[in-house]
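Presented below is the structure to which this report refers.
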Amino acid sequence: GVVRPPATPGRHDRGWYTGVTPRAAAWGGCLGGRAGGLSAAPAVSRSTMIGFPCLRASGKFFACVDRRTGSMVVKLPELRVTELVATGAGVPFAPNGKVFREWIAFPVPDDEEWPALLDEAKAFASA
């Protein structure tokens, strides 16, 4: 499976890897590669969210790469985010200083954990 780009080229596919740090671009490629397993669901597509390369499920954002830090960022229930931050597994996602309660950043790549987190985020966004 392949992550499907938007049906019509346009604003959602521009900037997938433009204007990002080399580290974020590399990790963005990793995020896209990890999302390949998610593409069994035809509703997964690439897009941008506040200028960050992201993935959508049925039009809803569920994962992105912070272009400034290269962190993988996923959308999870607020209680799950609180739990993961408390254990040190991730850090609050706060672009421009505002904390997004249902988003968590993972600054260190983890090939064992990230695929499960992406699946969890997709399921949450799709619910």
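The values are calculated or read from the model by the stated rules, or taken from the named source; none is laboratory data. As the structure is a computational prediction, the values presented were derived from the model and not from experiment. Positions of Cβ are generated from backbone atoms using ideal geometry, with glycine treated the same way; all protein chains shown enter the neighbour counts. The accessibility values were calculated without ligands, DNA or RNA, using every heavy atom of the protein model including side chains. Shrake-Rupley method; radii C 1.70, N 1.55, O 1.52, S 1.80 Å.
Note the full-extension length gain between Leu79 and Ala94 as 0.36 nm times their separation in residues minus their Cα-Cα distance, in nm to one decimal. Could the numbers behind the result be given before it?
Numbers: separation 15, 0.36 × 15 = 5.40 nm, distance 1.66 nm.
The Leu79-Ala94 span can extend by a further 3.7 nm.
A straight Cα-to-Cα reach below 22 Å connects Lys98 with the lysines Lys60, Lys75, residues fewer than 8 places away in its own chain not being considered. Placing a label point 7 Å from the Cα of Asp110 along the Cα-to-Cβ direction, the residues of region 82-97 whose backbone N falls under 12 Å from that point are 84-91.
Given a Förster distance of 25 Å, report the FRET efficiency between Thr69 and Ala127 from their Cβ-Cβ distance, rounded to the nearest 0.05.
Working: r = 28 Å, r/R0 = 1.12.
That pair, Thr69 with Ala127, gives E of 0.35.
Once all protein chains are placed together, Lys60 keeps about 100 Å² accessible to a 1.4 angstrom probe. Near the amide H of Thr48, within less than 5 Å, lie the amide hydrogens of Cys54, all on another chain or at least 5 residues away, with H placed in the peptide plane. Per-residue 3J(HN,Hα) values for region 58-75, derived from phi via the Karplus relation 6.51 cos²θ - 1.76 cosθ + 1.60 with θ = phi - 60°, read 6, x, 9, 5, 9, 7, 8, 10, 6, 5, 7, 10, x, 5, 7, 10, 10, 9 Hz in sequence order (x marks Gly and Pro).
Which of the GluC sites (Glu not before Pro) across region 62-127 are loop residues per DSSP, with 12 or fewer other Cβ within 10 Å?
Here the sparse-neighbourhood loop sites are Glu112.
The ratio of the alpha-carbon radius of gyration of region 47-127 to the globular-protein estimate 2.2 N^0.38 Å is 0.98.
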